[in-house]
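Okay, so here's the structure we're looking at.
The values are calculated or read from the model by the stated rules, or taken from the named source; none is laboratory data. Worth saying up front: this structure is predicted, and the values here are computed from it rather than measured. Cβ sites come from the backbone with ideal geometry, for glycine too, and all protein chains shown count toward neighbours. These area figures cover heavy atoms from the full protein model, side chains too; ligands, DNA and RNA do not enter into them. Shrake-Rupley method; radii C 1.70, N 1.55, O 1.52, S 1.80 Å.
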Amino acid sequence: YDCITVGGKESCSEQIELIHCESKYCNNTLTILEEEICRRCQDIEGCYKDSELGICPVWNEQRCPSGFVRPDYSDESRILRSLVHSNVKYVDPKKVILYSCPVEPILRETATDTTLFVAYPKIDAFDGDIISSPQSGGVMHWVDKVENLENHTMIVAKPVGLEDVVSYADFSQKVQMYRVNDEKAKEALPDHFSLNSIKEGFDPRTGRYIHFMEDRPVYKCLGRQFIDLNTGNLITSYYMIMPANPEPEPAVNEGDLVADAESEGFFEVVKDFTEEDLGVFVHTEHKQCEPGDVSWLNELESKIRKKHKSEIVEATLSCTGGDSRPGLVVLDTTSAEDLNIRPGNVIIGRNTGAVLSQIITVSYEE
């Protein structure tokens, strides 16, 4: 390494080889592979002492002892010089909502980890691309099939590893983690053992009454987050809307437990909808419920129907996107004008699962 130098060669012996990163490797016409060589070349440059006027740059033994390159990991800009493969497409949540949808069994014949994504508005994606996004719980998937509609792109994809996305990265630093999902929009489901191990009635072990809501519909709505004063833990709550217990059954009170093997869905607000050949795509967002605000229940459309025939329009697909607040419902009809819903209406949106929750507050409305 004493026979190699960097930068200008004017002050060096002709027998010393020159490494000139800027002109040979680091210019704007390079491929991904050459860009990686550029980064490594710059690490070598960092091992040479700053040249004084008229002195040939020499290796800095303190910086890089025994001729071994020691990258400067204190430079926090190194993370910005990481490179991804040319087929990686980043789906920006500020521009596009990426929904994740349940996959029909026919799509799972060859891969059990296949996912159906829907992008709105549509994006440029092709077979063999890798899509990456912080949406839908985190996306890093290889694209198997693409179908472009007028306003949406439908993508069948399966997950890949980090090495399939990143072609070069060489940094060491602490980075701040952040959640890709809104925790309030995340449905917490009980495990089957806990649900099957409790019975209707008063539980002397806990001092609470357990209500099973069999044969009565239970709906969910986003609640609030608060700090438990006893434990200091962050608690995420949600609202349950259900019929009051008929007499002579005990009323639901604060502190009681409510259980059900299933629930009927989340309340969601219609944002807009578009017509496609596959149906009407209804874009929604979780309804944020507030204490005492139940006026919207009078205008709730529990079923989406055709206006003139009162015929129920079935949903062929129900998806969750973005930070888990946005939703997508695909209806089995091609005309939005025939529907009984408009932007701003509250509907029963994406499906929900079992319930096992403790009651914090209760209010009764006619």
**Request:** Output the relative contact order of region 242-366, whole-number percent, from Cα pairs under 8 angstrom with separation of 6+ residues.
**Result:** 40
**Asked** For the chain, what mean projected area does the convex hull of the alpha carbons give, in nm²?
**Response** 28.2
**Prompt:** For the chain, what relative contact order do you get, as a whole percent, if you take Cα pairs closer than 8 Å and at least 6 residues apart?
**Reply:** 14
**Asked** Can you run phi through the Karplus equation (6.51, -1.76, 1.60; θ = phi - 60°) for region 344-349 and list ³J(HN,Hα) in whole Hz, with x for Gly and Pro?
**Response** x, 5, 9, 10, 8, x
**Prompt:** Which cross-chain or sequence-distant (5 or more) residues have an amide H under 5 Å from the amide H of Phe273, H modelled 1.01 Å from N in plane?
**Reply:** His283
**Message:** If I stretch the segment between Lys94 and Asn230 completely, what's the gain in nm (0.36 nm per residue apart, minus their alpha carbon distance), one decimal?
**Reply:** 45.1 nm
**Prompt:** Based on DSSP H runs of at least 4 residues, each adding -39500 (n - 2.57), what is the mean residue ellipticity at 222 nm of the chain after dividing by all its residues, to the nearest 500 deg cm²/dmol?
**Reply:** -2000 deg cm²/dmol
**Fill in**
Checked against the positive end of the charge dipole of the chain (+1 on Cβ of Lys and Arg, -1 on Cβ of Asp and Glu, about the Cα centre), the farthest of Ser23, Pro65, Gly327 is Pro65
**Request:** Would you mind calculating the gained length between Leu80 and Leu189 on full extension (0.36 nm times residue separation, minus the Cα-Cα distance), in nm to one decimal?
**Result:** 35.4 nm
**Asked** Leaving out ligands, DNA and RNA, what percent of the accessible area of the chain is carbon and sulfur, probe 1.4 Å?
**Response** 50
**Helix 32-45 vs. the chain, principal-axis angle (Cα, 0 to 90°, nearest 10)** = 60
**Asked** If the limit is 21 Å between Cα atoms, which of Lys271/Lys303; Lys184/Lys287; Lys145/Lys287; Lys122/Lys303; Lys24/Lys174; Lys271/Lys307 go over it?
**Response** Lys145/Lys287; Lys122/Lys303; Lys24/Lys174
**Item:** In Å², nearest 10: area of His85 left accessible to a 1.4 Å probe
**Value:** 70
**Asked** For the chain, what is the accessible area per residue in Å² when the probe is 1.4 Å?
**Response** 60
**Loop GluC sites (Glu not before Pro), region 246-297 (other Cβ atoms within 10 Å of the site Cβ: 10 or fewer; DSSP)** = Glu254
**Asked** Around Val88, which amide H atoms from residues at least 5 apart in sequence, or from another chain, sit under 5 Å from its own amide H, with H modelled in the peptide plane?
**Response** Ile130
**Item:** For region 127-138, 3J(HN,Hα) per residue [Karplus equation, 6.51 cos²θ - 1.76 cosθ + 1.60, θ = phi - 60°, Hz, x = Gly/Pro]
**Value:** 3, x, 6, 10, 9, 9, 6, x, 8, 6, x, x
**Asked** If you place +1 on the Cβ of every Lys and Arg and -1 on the Cβ of every Asp and Glu, how big does the dipole about the Cα centre of the chain come out, in debye to the nearest 20?
**Response** 360
**Complete:** Square roots of five times the C-alpha gyration tensor eigenvalues of region 172-263, ordered largest first and given in whole Å, equal 31, 16, 14
**Asked** What list of ³J(HN,Hα) values in whole Hz, one per residue of region 19-26 in order, does the Karplus curve 6.51 cos²θ - 1.76 cosθ + 1.60 (θ = phi - 60°) give from phi, with Gly and Pro shown as x?
**Response** 9, 10, 4, 4, 8, 8, 10, 10
